[in-house]
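Structure record follows, encoded as structure tokens.
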Amino acid sequence: MAKEGAQRAEETEQMIEKEGGKEGAEGSAAGSLRAGDTKEMRAVVLSAFGGLNKLRVSKKAMPEPQEGELKIRVKACGLNFIDLMVRQGNIDNPPKTPLVPGFECSGIVEALGDSVKGFEIGDRVMAFVNYNAWAEVVCTPVEFVYKIPDDMNFSEAAAFPMNFVTAYMMLFEVANLREGMSVLVHSAGGGVGQAVAQLCSTIPNVTVFGTASSFKHEAIKDSVTHLFDRNADYVQEVKRISTDGVDIVLDCLCGENTGKGLSLLKPLGTYILYGSSNMVTGETKSFFSFAKSWWQVEKVNPIKLYEENKVIAGFSLLNLLFKQNRGGLVKGVMDKLLNLYNNKKIKPVVDSLWALEEVKEAMQRIHDRGNIGKLILDVEKAPTPLVS
């Protein structure tokens with residue numbers, strides 16, 4: 001077994017070197033590391049909560065897998081709006097800094113912790129990580145790791161877990177989407193929005209209402225049934241088309257949109273809050289913006305919900321995974337999603353690829369709502385040279 005393990009490790013190292021080495025950047029902060037280096041790695045480090053200047057690429061000690069964990073040589077990492085909120089410290093009970101951000105990645109299995117079964121060194125995988133994903137190497141429990149389909153590349157794999165699991169669980173586990181229903185989704189051009197649109201297309205006669213910035217409309221117009229400008233009075237537009245409203249509202253904005261969403265629900269309809277991006281207005285945390293957004297939230301009266309036959313819910317995939325121990329439930333969802341992918345029913349939308357050293361620019365693009373689909377940190381990508 002020891003001989004076989006050594007042989008696999010050697011094969012993995014050759015695979016990694018074949019697929020591309022890492023080139024150093026940003027002087028001593030990043031440095032160049034060979035794939036076989038077992039002591040140090042490059043990682044994006046958040047030194048303190050705040051603006052983009054709190055992020056840097058640094059060398060860190062390389063982790064080793066504990067019992068039940070896999071060690072993954074990372075190829076690509078996903079960026080999500082929650083990462084902006086983490087950077088600002090705009091979340092409940094944020095961890096202490098310095099920390100390595102990131103919650104999902106894809107790569108190659110490099111080592112197995114004790115008692116790990118079902119995986120081999122050299123497997124191509126995607127994974128959820130409880131922070132620390134934006135690095136060259138991560139270790140995460142086996143229950144959060146999934147094998148990548150043969151025809152899915154590393155960038156697509158890093159764009160898959162967070163967006164599609166979130167979209168699927170809201171639609172099918174919480175709201176019980178069925179044939180003939182209608183769905184309103186905000187930020188329809190983002191990663192979750194595009195996943196929602198694709199999953200809705202797998203059910204007959206589902207009407208999708210979407211809001212998005214006007215400059216995205218041409219690119220995403222075919223993915224939703226009715227598309228509205230995010231700054232327009234979408235409530236009246238929806239009611240003009242569907243006088244009794246919609247069956248499901250998926251809200252990642254919060255603030256005044258909570259009341260608008262509840263007002264659009266049909267009897268037995270479900271409103272789901274899964275984000276609060278309206279609370280992020282500047283580069284750093286703003287208590288004024290937070291207070292304003294919270295003040296605009298509709299005050300929910302249980303008696304009114306009872307009288308109107310409406311359901312209000314919340315969904316946090318990260319809490320479900322890392323605080324509420326529902327990894328087994330999520331694995332079942334991932335199995336269904338991978339089956340849909342293999343049957344060419346869904347496909348992750350990648351907006352753009354960024355080097356680790358370009359993480360600030362990538363986060364700014366998310367902040368500006370400039371992306372269509374998912375932004376990816378490509379660990380092996382060299383930074384784009386500045387043009388004078």
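Report yes if some residue within the stretch 120-130 is closer than 26 Å to PHE315 by Cβ and outside any strand (DSSP E or B); otherwise report no.
If we filter the stretch 120-130 for residues that are closer than 26 Å to PHE315 by Cβ, which is where we start, we get 125-130.
In the following step, the residues that additionally are outside any strand (DSSP E or B) were identified as 129-130.
Looking through the stretch 120-130, at least one residue is closer than 26 Å to PHE315 by Cβ and outside any strand (DSSP E or B).
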Failed item, numbered, when SER106 is tested on (1) outside any strand (DSSP E or B); (2) within 24 Å of MET334 (Cβ to Cβ); (3) touching a helix residue (DSSP H, G or I) at 6+ places or on another chain (Cβ under 7 Å); (4) not aliphatic (A, V, I, L, M):
(1)
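Would you check which residues across the stretch 120-146 are among the charged types (D, E, K, R), within 21 Å of GLN66 (Cβ to Cβ) and open to solvent by 40 Å² or more (accessible area, probe 1.4 Å) and list them? Steps first, answer last, please.
First, pick out the residues of the stretch 120-146 that are among the charged types (D, E, K, R): 120, 123-124, 136, 143.
Narrowing the set further to residues that are within 21 Å of GLN66 (Cβ to Cβ) leaves 120, 123, 136, 143.
GLU120, GLU143, listed by residue number.
Just checking, how many residues over the stretch 355-374 are farther than 13 Å from GLY190 by Cβ and touching a residue at least 40 places away in the same chain (Cβ under 8 Å)?
Just the residues of the stretch 355-374 that are farther than 13 Å from GLY190 by Cβ, to begin with: 355-364.
Remaining after also requiring touching a residue at least 40 places away in the same chain (Cβ under 8 Å): 355-357, 359-360, 362-364.
Number satisfying all stated conditions: 8.
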Looking only at helices (runs of 4 or more DSSP H) that lie completely in the stretch 308-388, which have at least 1 residues being of a type in the set (Phe, Trp, Tyr) and at pLDDT 95 or above?
317-322, 327-342
Condition set open to solvent by 50 Å² or more (accessible area, probe 1.4 Å) and not aliphatic (A, V, I, L, M), scope the stretch 335-353, selection farthest from ILE220 (Cα to Cα): answer is ASP335
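For residues that are assigned to a helix (DSSP H, G or I) and open to solvent by 20 Å² or more (accessible area, probe 1.4 Å), scanning just the stretch 263-280, find the one that is farthest from SER316 (Cα to Cα). Give the steps one after another, and end with the answer.
Restricting attention to the stretch 263-280, the residues satisfying the condition of being assigned to a helix (DSSP H, G or I) are 263-264, 277-279.
After this cut, where a residue has to be open to solvent by 20 Å² or more (accessible area, probe 1.4 Å) as well, the list is 263, 278.
Numbers: SER263: 23, ASN278: 17 Å.
Here the residue is SER263.
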Tally up the residues in the stretch 131-147 that are more than 14 Å from PHE103 (Cα to Cα) and outside any strand (DSSP E or B), please.
2
What strands (runs of 3 or more DSSP E) completely inside the stretch 148-258 contain at least 3 residues that are open to solvent by 10 Å² or more (accessible area, probe 1.4 Å)?
226-229
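Of everything in the stretch 109-119, what is surrounded by fewer than 22 Cβ atoms within 10 Å (Cβ to Cβ) and either touching a strand residue (DSSP E or B) at 6+ places or on another chain (Cβ under 7 Å) or not hydroxyl-bearing (Ser, Thr, Tyr) (or both)? Give them in sequence order. Quick ask: steps written out before the conclusion?
Residues of the stretch 109-119 that are surrounded by fewer than 22 Cβ atoms within 10 Å (Cβ to Cβ), as a first pass: 111-119.
Hits for the stretch 109-119 are ALA111, LEU112, GLY113, ASP114, VAL116, LYS117, GLY118, PHE119.
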Can you pull out the residues in the stretch 170-191 that are touching a strand residue (DSSP E or B) at 6+ places or on another chain (Cβ under 7 Å) and at positive phi?
SER187
Filter pass, PRO101 being modelled with pLDDT of 95 or more, over 22 Å from the mean Cα position of the chain (by Cα) and surrounded by 19 or more Cβ atoms within 10 Å (Cβ to Cβ):
no
Out of ILE366, ILE303, ILE312, I need the residue that is among the hydrophobic types (A, V, I, L, M, F, W, C), over 21 Å from TYR146 (Cα atoms) and open to solvent by 80 Å² or more (accessible area, probe 1.4 Å). Which one?
ILE303
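The values are calculated or read from the model by the stated rules, or taken from the named source; none is laboratory data. All figures in this text were calculated on a predicted structure; none of them were measured in a lab. Ideal geometry is used to build each Cβ from the backbone, glycine not excepted, and the neighbour counts take in all protein chains shown. Accessible surface areas use protein heavy atoms only, side chains included; no ligands, DNA or RNA. Shrake-Rupley method; radii C 1.70, N 1.55, O 1.52, S 1.80 Å.
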